[in-house]
Every structure is written in C-alpha cells, then in structure tokens.
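See below for the structure under consideration.
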Amino acid sequence: PAYTVAILGATGAVGKETLEILEERNFPLSGLRLFASKRSAGEVLSCQDKEWKVEELTSASSFAGVDIALISATDDISREYGRRLGSSGVVVIDDSGVFRMEPDVPLVVPEVNAGALASMPRGIVAIPNCTTTPLVMALKPLQDAVGVKRVVVTTFQSVSGTGAAAMDELMTQTKDLLAFRDAKVEAYPYQIAFNLLPHIGSFNEGGDCSEEVKIARETRKILGAPSLRLTATTVRVPVLRCHSEAVNVELERPLKANEARAALAGMPGVIVYDDPAKKLYPMPLDATGKDEVYVGRIREDESVPNGLNLWVVSDNLRKGAALNAVQIAECLIAAQ
Ligand code: A2P
C-alpha cells in the first residue's frame with residue numbers, strides 16, 4: 001500500500017528536510033500535497049522524481065484523500081488544522097508545542113517509546129522539541145541500565161531551530177559585519193552573529209525560558225518518569241544546524257564511564273563518538289545531515305554520587321524534527 005501525505009509548512013526548514021527524507025527512505029507515497037503561506041503558493045518542489053506544486057493553506061483547503069499530515073508551520077496552524085484533520089480521520093504528526101503535553105496525545109521518539117503510538121484517540125501524535133529528542137535518546141539507555149535521578153542540561157542550539165529566516169539572518173549578519181556594515185536584527189532580540197543568547201522562547205515569572213520548561217516536561221512524559229528532576233539552560237548559538245547539549249546526569253546506581261559508553265552504543269539511533277586522546281568528540285559540523293544522535297565526552301562526574309557527564313549532538317532538522325516525524329509514520333504503517 002501507499003499513502004497520500006500532506007506537509008503543512010512544506011517550504012520551511014523542516015518541511016524541506018521532510019521532502020528529502022521521504023525521498024531517501026523511499027517512503028510509500030501515492031500522493032503528496034504541499035501547503036504553505038500565500039507567499040509560496042505556486043512554488044514547485046521535487047520529491048521522489050516528481051514535481052509538486054505548493055498550495056496556499058486556507059480554511060477552504062480540502063484534504064480529501066490525505067492519509068497522513070505532517071505539520072511544521074506555526075502554533076496557530078497546528079491548533080487549527082491539527083484538531084480539524086485529526087478528528088476527520090487523517091493521521092496528524094505534529095511538530096509544534098501545542099499538543100505535546102495533552103494526556104490523550106502521545107509524544108513519541110520511536111526508539112524510546114514507540115509503544116505510546118498504540119493509543120491515539122484524537123488522531124494526533126506529537127513529536128518532541130528538537131532538544132528533547134536527542135536528550136531522551138541519550139538518557140533512555142542510562143535509565144534502563146541504572147535509573148536516572150537528576151539531570152542538568154545546557155543546550156547550544158542552532159538557528160535552524162527558529163526556521164529558514166533565522167538561518168538567512170545569521171548568514172547576512174555575518175557578511176554585513178565582516179564588511180563593516182550594521183547587522184540587521186529581526187529573528188532574535190539581539191544580533192546572533194559572533195554572539196550567543198541565553199534565551200529561547202519566552203520567559204515565565206520565575207525566569208525560566210519556555211524552551212527550558214518544555215525540555216523538563218517532555219522528557220518526563222517520554223521517559224514515563226513523572227518525578228525525574230531536570231533543570232535546563234537553553235542557549236542560542238551562531239551555528240546553522242545541529243543542537244548540542246552538555247548533560248550532567250545523577251544516576252540512581254553506580255555506572256562506570258565504560259559501562260555508560262557500552263549502554264549508549266547499544267541504543268538504536270545513537271552513535272558513541274568518544275576518543276579524547278584522538279580529539280574525537282561530536283560537533284555540529286559532523287552531525288549535520290546525519291540521522292543519528294552523537295554522544296561523546298562520556299566521563300564520570302565525581303562531584304556527586306553516581307554522576308556522569310555527556311556531550312550530545314544531533315541534527316535538529318532531522319532527528320530533532322523531520323526524521324522523527326517520518327519514523328513515526330513508518331511505525332504507524334508497520335503496525336497496520
Ligand atoms: P512560507 O514559506 O510560505 O512562509 P520556517 O520554520 O522555516 O520559518 O517555516 C515555516 C513554514 O510554515 C513555512 O513553510 C511557511 O510558509 C509556513 N507558514 C508560516 N505561516 C503560515 C501561514 N499563515 N499559512 C500557511 N503556512 C505558513
């Protein structure tokens with residue numbers, strides 16, 4: 001069998017990556033509907049040796065015949081079309097923060113909790129934030145081995161997490177500054193070229209960023225660990241692709257660095273890339289365009305009982321977004 005897939009947000013950074021992934025994995029497509037704003041209507045994108053025309057997404061758009069909708073546009077679009085499509089029998093795989101914490105919406109990273117896909121009462125499955133996904137991929141084998149008690153994570157997030165316009169802004173600011181011109185600031189509150197911003201999303205009353213809150217809540221939900229203690233600091237860095245994370249873990253029981261390395265190496269979708277003597281550690285440039293989550297700098301932390309440090313790098317547009325969504329579609333198809 002083959003399926004008709006709709007991509008809402010097809011012209012964005014994640015949408016374009018989704019087209020590449022559908023092609024690379026030879027996803028069984030019988031049709032493809034590409035939706036974006038009026039700005040992009042009529043643009044032609046290719047996938048699996050065919051050309052597909054971008055349609056303007058409007059409340060009058062018809063989704064007749066669509067089996068699966070992948071949404072990565074804006075929260076408003078997820079809210080409006082996610083609900084509508086999910087209740088009309090389309091399988092919705094949503095990349096926004098709108099549905100992730102709703103108890104009747106599974107939040108899924110297939111290697112970690114594919115079982116949660118068994119119950120989709122609203123026809124919607126959410127994919128996690130692009131920093132949560134690599135984090136749970138790294139924590140899951142440690143949780144299974146000895147239990148995880150507390151996590152302190154600091155992220156170094158690329159501008160593609162904000163979207164295509166922010167990637168252009170980093171390039172343009174860099175060129176302008178090197179030419180002694182002023183940098184135009186639009187995507188972020190401050191210049192991102194030659195800088196970094198300890199601020200992702202909006203601040204709450206306690207001073208946490210929404211991104212920091214998301215990581216904690218989503219990680220607990222995916223790992224099925226409601227009382228896991230986790231604190232995050234999220235930082236935007238002038239990198240185009242890949243999010244990196246410095247992760248400090250307090251485990252329930254002792255685990256040597258070598259045992260942690262072995263547990264991580266056994267996790268599907270994770271590559272241990274860790275040989276400091278040879279200067280081998282994951283970097284955004286290595287992980288760009290890759291499907292796997294890279295883990296390095298694995299070492300014991302003696303400042304707490306059963307402490308462990310990790311450095312995690314993953315392509316936020318692939319495993320952090322488009323790939324995870326397509327893998328979920330593949331799991332749902334396999335389960336039919
Ligand atoms: P467009 O390219 O026409 O603006 P990114 O995260 O890279 O910024 O991409 C966001 C995606 O969501 C793009 O495909 C964008 O289309 C789409 N999008 C944004 N706003 C709307 C809207 N109001 N209606 C339909 N698509 C939208």
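Say we look at the range 137-172 and pick out the residues that are part of a strand (DSSP E or B) and among the aliphatic types (A, V, I, L, M); which of these is farthest from the chain's Cα centre (by Cα)? Applying the filter and picking the extreme gives VAL148. Can we say VAL108 is crowded, with 19+ Cβ neighbours inside 10 Å and either within 20 Å of THR4 (Cβ to Cβ) or more than 16 Å from the ligand (Cβ to nearest atom) (or both)? Yes, satisfied. Here VAL54 passes the criteria (1) in a strand (DSSP E or B); (2) within 21 Å of ALA126 (Cα to Cα) except the one numbered (2). Scanning the range 150-166 for residues that are within 13 Å of ALA216 (Cα to Cα) and out of contact with any His (no Cβ under 7 Å at 6 or more places or on another chain) yields ARG150, VAL151, VAL152, VAL153, THR154. Residues in the range 125-148: is at least one outside the structural domain of ALA232 (by TED's automatic domain parsing), modelled with pLDDT of 95 or more, surrounded by fewer than 17 Cβ atoms within 10 Å (Cβ to Cβ) and farther than 15 Å from LEU8 by Cα? Checked the range 125-148: no residue is outside the structural domain of ALA232 (by TED's automatic domain parsing), modelled with pLDDT of 95 or more, surrounded by fewer than 17 Cβ atoms within 10 Å (Cβ to Cβ) and farther than 15 Å from LEU8 by Cα. When ARG220, ARG236 are checked against the criterion of being under 15 Å from THR133 (Cα atoms), touching a Leu at 6+ places or on another chain (Cβ under 6 Å) and surrounded by 14 or more Cβ atoms within 10 Å (Cβ to Cβ), ARG220 stands alone in meeting it.
Taking strands (runs of 3 or more DSSP E) as the structural unit, those lying wholly within the range 61-126 and holding at least 1 residues that are among the acidic types (Asp, Glu) and more than 13 Å from LEU332 (Cβ to Cβ) correspond to 91-94. Considering every residue within the range 80-101, establish whether at least one is more than 16 Å from the chain's Cα centre (by Cα), among the aromatic types (Phe, Trp, Tyr) and within 17 Å of GLY15 (Cα to Cα). Yes.
Quick check on my filter: what residues within the range 274-322 are of a type in the set (Ser, Thr, Tyr), in a loop (DSSP other than H, G, I, E, B) and within 30 Å of VAL125 (Cβ to Cβ)?
The answer is THR288, and nothing else.
Looking only at residues in the range 1-42 that are assigned to a helix (DSSP H, G or I) and β-branched (Val, Ile, Thr), the one that is nearest to the ligand (Cβ to nearest atom) is VAL14.
Listed here are the residues, each with its yes/no results for (1) among the hydrophobic types (A, V, I, L, M, F, W, C); (2) surrounded by fewer than 21 Cβ atoms within 10 Å (Cβ to Cβ); (3) out of contact with any helix residue (DSSP H, G or I) (no Cβ under 6 Å at 6 or more places or on another chain).
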{"site": "GLU17", "(1), (2), (3)": "no, no, no"}
{"site": "PHE27", "(1), (2), (3)": "yes, yes, yes"}
{"site": "ARG39", "(1), (2), (3)": "no, yes, yes"}
{"site": "SER78", "(1), (2), (3)": "no, no, yes"}
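Given the condition hydroxyl-bearing (Ser, Thr, Tyr) and closer than 28 Å to VAL105 by Cβ, answer yes or no: does some residue in the range 170-193 qualify? Among the residues of the range 170-193, not one is hydroxyl-bearing (Ser, Thr, Tyr) and closer than 28 Å to VAL105 by Cβ, which makes the answer no.
Which of the residues belonging to the range 59-76 are aliphatic (A, V, I, L, M), surrounded by 20 or more Cβ atoms within 10 Å (Cβ to Cβ) and either without any contact (Cβ under 8 Å) to a residue 24 or more places away in the chain or under 18 Å from SER37 (Cβ atoms) (or both)? Scanning the range 59-76 gives ALA69, LEU70, ILE71, ALA73. In the range 152-173, the residues that are without any contact (Cβ under 8 Å) to a residue 60 or more places away in the chain form Cβ pairs under 6 Å with partners that are assigned to a helix (DSSP H, G or I) and surrounded by 19 or more Cβ atoms within 10 Å (Cβ to Cβ), at six or more places apart or across chains, as follows: ALA166/VAL159.
The values are calculated or read from the model by the stated rules, or taken from the named source; none is laboratory data. For clarity, every value in this text was computed on a predicted model and none was experimentally measured. Glycine gets a Cβ as well: all are built from the backbone with ideal geometry, and neighbour counts include every protein chain shown.
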